[in-house]
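Student: Have a look at this one before I ask anything.
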């Protein structure tokens with residue numbers, strides 16, 4: 001039987017190997033010995049040993065030491081994110097805090113479908129589970145998961161774990177541009193600037209601003225009746241493209257899993273119904289219009305100075 005190594009500096013040396021082959025009796029004996037030491041040790045030593053006792057308890061429950069997410073996969077991350085993931089999977093997804101949403105997203109980005117949070121996040125996406133946050137103007141923004149491991153991080157380091165899209169009109173009805181032009185597309189649009197650094201960005205709580213990950217979005221950014229190959233922008237907050245809602249219309253992105261699972265296409269559009277809201281896609285062969293999703297789910301286009309609701313998307 002392995003003995004617990006007592007550290008004369010005031011603690012118990014942590015194990016770094018897996019305990020799967022050892023019996024529960026050994027753990028009980030170890031904890032009993034720790035209990036006796038706590039009784040006779042000074043407060044400082046006792047506190048350190050209690051921490052190790054908790055670690056042994058986690059070992060019994062999870063099968064690993066050093067990461068509370070280990071379990072069957074043997075993976076997992078350490079620290080506050082790991083603890084937040086454990087808390088998140090133990091509660092209803094609708095009750096996840098922003099910290100827990102971020103922790104789940106990081107774990108999925110790292111471990112993919114092997115993440116202990118993957119199934120719960122996917123179930124929340126499939127059920128259109130809504131989350132909410134208070135904006136700085138006092139209004140409540142509601143949002144949902146629409147994609148898992150979908151968006152490319154702008155720094156090229158990998159994918160984001162979760163993509164979210166707003167589901168209500170908290171950001172109001174806004175124009176795309178001050179004049180009737182789509183020249184420069186999403187890249188040069190007034191609305192993009194407002195969402196990423198202007199007044200609409202400032203409506204988002206600082207807690208969200210600090211968590212969102214800049215991602216690379218592809219869009220036809222020519223406009224002006226020119227039509228062109230999609231090019232990339234880096235966005236913290238963005239609008240979905242027509243392709244990301246309906247499937248490949250302009251090769252500007254990939255359809256999000258939420259819409260794909262509902263079978264949304266340009267001809268089968270009921271799954272896209274809701275508020276009439278802008279996409280970031282220009283209308284081909286037009287110098288003035290951008291596409292928008294009509295309240296019934298139909299894909300239309302309208303002049304850039306017209307106002308439609310803004311349903312921002314963002315990633316953790």
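Student: Considering only the range 197-249, state which residues are farther than 16 Å from residue 154 by Cβ, touching a strand residue (DSSP E or B) at 6+ places or on another chain (Cβ under 9 Å) and not in a loop (DSSP other than H, G, I, E, B).
Tutor: Those that are farther than 16 Å from residue 154 by Cβ, touching a strand residue (DSSP E or B) at 6+ places or on another chain (Cβ under 9 Å) and not in a loop (DSSP other than H, G, I, E, B): 200, 207, 208, 242, 243, 244, 245, 246.
Student: Closer than 21 Å to residue 164 by Cβ and either modelled with pLDDT under 95 or not in a loop (DSSP other than H, G, I, E, B) (or both): which single residue out of 259, 300, 275 fits that description?
Tutor: Going through 259, 300, 275 in turn, just one is closer than 21 Å to residue 164 by Cβ and either modelled with pLDDT under 95 or not in a loop (DSSP other than H, G, I, E, B) (or both): 259.
Student: Touching a helix residue (DSSP H, G or I) at 6+ places or on another chain (Cβ under 8 Å), under 24 Å from residue 149 (Cα atoms) and modelled with pLDDT of 95 or more - does that describe any residue in the range 182-197?
Tutor: Checked the range 182-197: at least one residue is touching a helix residue (DSSP H, G or I) at 6+ places or on another chain (Cβ under 8 Å), under 24 Å from residue 149 (Cα atoms) and modelled with pLDDT of 95 or more.
Student: Ok, one more. In the range 173-190, how many residues are outside any strand (DSSP E or B) and surrounded by fewer than 24 Cβ atoms within 10 Å (Cβ to Cβ)?
Tutor: Count: 10.
Student: Residue check: is residue 165 more than 17 Å from residue 106 (Cα to Cα) and in contact (Cβ under 8 Å) with a residue 24 or more places away in the chain?
Tutor: Working: more than 17 Å from residue 106 (Cα to Cα): yes; in contact (Cβ under 8 Å) with a residue 24 or more places away in the chain: yes.
Here the answer is yes, as residue 165 does meet what is asked.
Student: Among the listed residues 194, 144, 175, identify the single one that is without any contact (Cβ under 8 Å) to a residue 60 or more places away in the chain, under 16 Å from residue 310 (Cα atoms) and touching a strand residue (DSSP E or B) at 6+ places or on another chain (Cβ under 8 Å). Steps first, please.
Tutor: Numbers: 144 fails: without any contact (Cβ under 8 Å) to a residue 60 or more places away in the chain; 175 fails: without any contact (Cβ under 8 Å) to a residue 60 or more places away in the chain.
Result: 194 is the single residue among 194, 144, 175 that is without any contact (Cβ under 8 Å) to a residue 60 or more places away in the chain, under 16 Å from residue 310 (Cα atoms) and touching a strand residue (DSSP E or B) at 6+ places or on another chain (Cβ under 8 Å).
Student: Another question about this same structure. Inspect the range 225-238 for any residue being on the phi > 0 side of the Ramachandran plot, assigned by TED's automatic domain parsing to the domain that holds residue 288 and over 20 Å from the mean Cα position of the chain (by Cα) and give the result as yes or no.
Tutor: yes
Student: Only residues that are out of contact with any helix residue (DSSP H, G or I) (no Cβ under 8 Å at 6 or more places or on another chain) and more than 23 Å from residue 205 (Cβ to Cβ): list them for the range 77-126, please.
Tutor: If the condition is that a residue be out of contact with any helix residue (DSSP H, G or I) (no Cβ under 8 Å at 6 or more places or on another chain) and more than 23 Å from residue 205 (Cβ to Cβ), then 78, 79, 86, 90, 110, 113, 119, 122 are the ones that fit.
Student: Run residue 207 past the list (1) in contact with a helix residue (DSSP H, G or I) (Cβ under 6 Å, 6 or more places away or on another chain); (2) without any contact (Cβ under 8 Å) to a residue 60 or more places away in the chain and report the number of the one that doesn't hold.
Tutor: Unmet condition: (2).
The values are calculated or read from the model by the stated rules, or taken from the named source; none is laboratory data. The structure presented is a predicted model; accordingly, all values stated were derived computationally and were not measured. Heads up, the Cβs are rebuilt from the backbone with ideal geometry, glycines too, and the neighbour counts pull from every protein chain shown.
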